[in-house]
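Single-structure report; data block below.
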Amino acid sequence: MRAPTLDLGLLRTLVAVADTGSVTAAARRLAYTQSTVSMQLQRLERALGVALHERQGRRLRFTAEGDRLLGHARRLLALNDEALADMRARRVTGELNLGIPEDYASLLTSVFSWFHQLYPEVRLQVTCGTSVHLMERVRADELDLALVTRQRHSPGGEMIRREPLAWAVGLQHQPALSDPLPLGLYSPGADLFREVAEQALAAAGRDWRVAYMSQSMVGLGPVVQAGLAIVVVTRSMLTPQLRALDESSGLPPLPAVELALHRAARRPTEPARRLAELIREQLSPVANAD
């Protein structure tokens, strides 16, 4: 009879929930959906036959069994990470230039942490910009890699994952959803989001106006939170200060966009190959499967 084993992926989710204090924050850290985090906790409970957490209103609290398992989980994950680092620690050195839109940078938090732990001698430089501009820099051999929104007029790259789009407003304040809709949009040519929003509204016969423009959510966030505009975001870009609108809002549905990894035409360096592997492992649909 095969001895049962604990799933380290489920334990990593448990630790993320404990460290961040909520399913929502853990989902952002792991680049999962909230439903994936909840289902993984349920899978862990079914495997062990005990309740690990309970709800107190909107808050999540670990049971005594959950707290006990958390201690084991941290030790097991630390040992796993130590073993991986030891086995993969063939010396990798050099410089590596990565491009990524500012709004996607949070998706790579765990990737950056892992990469630095595994390859501390690699000098990683991260450049933020629009997807279109970053792809141009990859083609010009100015960047080794770029993780960007795949463009309709320039598909290319390796598709890493699909990100559903959503209309979002401030958590506490939102504008009236009557025409003309006040939109917070990315600057013309900055990204696919603006094009998608305009086409969806035109197809639905809705009128709109540009309330604010920026090249990233850093600029759009404050005005959306203040209730002065509606914005289009990926689900992973939602923050605790934003709220996604559902079908009852009357706004047209939005498609998903694809995140693609573009590489320079020259032969990839060893650091570039290793970083591409980590990005694929952490963000691919297989990595985010329930």
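The C-beta contact set for region 207-227 (first residue touching a residue at least 40 places away in the same chain (Cβ under 8 Å) and surrounded by 16 or more Cβ atoms within 10 Å (Cβ to Cβ), second residue of a type in the set (A, V, I, L, M) and not in a strand (DSSP E or B), distance under 6 angstrom, 6+ apart or interchain) comprises GLN215/ALA190. Considering only region 52-72, I want to know if a residue exists there that is over 30 Å from ALA140 (Cβ atoms), open to solvent by 40 Å² or more (accessible area, probe 1.4 Å) and either among the aromatic types (Phe, Trp, Tyr) or assigned to a loop (DSSP other than H, G, I, E, B) (or both). Yes, some residue in region 52-72 is over 30 Å from ALA140 (Cβ atoms), open to solvent by 40 Å² or more (accessible area, probe 1.4 Å) and either among the aromatic types (Phe, Trp, Tyr) or assigned to a loop (DSSP other than H, G, I, E, B) (or both). The number of residues in region 275-287 that are β-branched (Val, Ile, Thr) and buried (at least 19 other Cβ atoms within 10 Å of the Cβ) comes to 1.
Restricting attention to region 188-208, does a residue exist that is part of a strand (DSSP E or B) and not assigned by the TED database to the domain that holds GLY129?
Just the residues of region 188-208 that are part of a strand (DSSP E or B), to begin with: 208.
Among the residues that remain, those that are also not assigned by the TED database to the domain that holds GLY129 are: 208.
Yes, region 188-208 has at least one match.
Scanning region 229-249 for residues that are open to solvent by less than 80 Å² (accessible area, probe 1.4 Å) and within 13 Å of GLN174 (Cβ to Cβ) returns ALA229, ILE230, VAL231, LEU242, ALA244, LEU245, SER249. For region 111-147, a residue qualifies if it is touching a Leu at 6+ places or on another chain (Cβ under 6 Å), open to solvent by 10 Å² or more (accessible area, probe 1.4 Å) and not in a helix (DSSP H, G or I), and the qualifying residues are VAL122, LEU124, VAL126, ASP144. Taken together, LEU98, LEU108 contain a single residue that is at pLDDT 90 or above, part of a helix (DSSP H, G or I), of a type outside the set (Ser, Thr, Tyr) and surrounded by 16 or more Cβ atoms within 10 Å (Cβ to Cβ), which is LEU108.
Please verify whether region 244-255 includes one or more residues that are touching a residue at least 12 places away in the same chain (Cβ under 8 Å) and of a type in the set (D, E, K, R). No, the conditions are met nowhere in region 244-255.
Within region 257-274, can one find any residue that is surrounded by 16 or more Cβ atoms within 10 Å (Cβ to Cβ) and over 23 Å from VAL148 (Cα atoms)? Checked region 257-274: no residue is surrounded by 16 or more Cβ atoms within 10 Å (Cβ to Cβ) and over 23 Å from VAL148 (Cα atoms). Summed over region 1-32, the residues that are more than 23 Å from ALA78 (Cα to Cα) and either of a type in the set (Asp, Glu) or open to solvent by 70 Å² or more (accessible area, probe 1.4 Å) (or both) give a count of 2.
The values are calculated or read from the model by the stated rules, or taken from the named source; none is laboratory data. Worth saying up front: this structure is predicted, and the values here are computed from it rather than measured. Heads up, the Cβs are rebuilt from the backbone with ideal geometry, glycines too, and the neighbour counts pull from every protein chain shown. Each accessible area value is taken on the protein alone, full model and side chains, heavy atoms only, with ligands, DNA and RNA left out. Shrake-Rupley method; radii C 1.70, N 1.55, O 1.52, S 1.80 Å.
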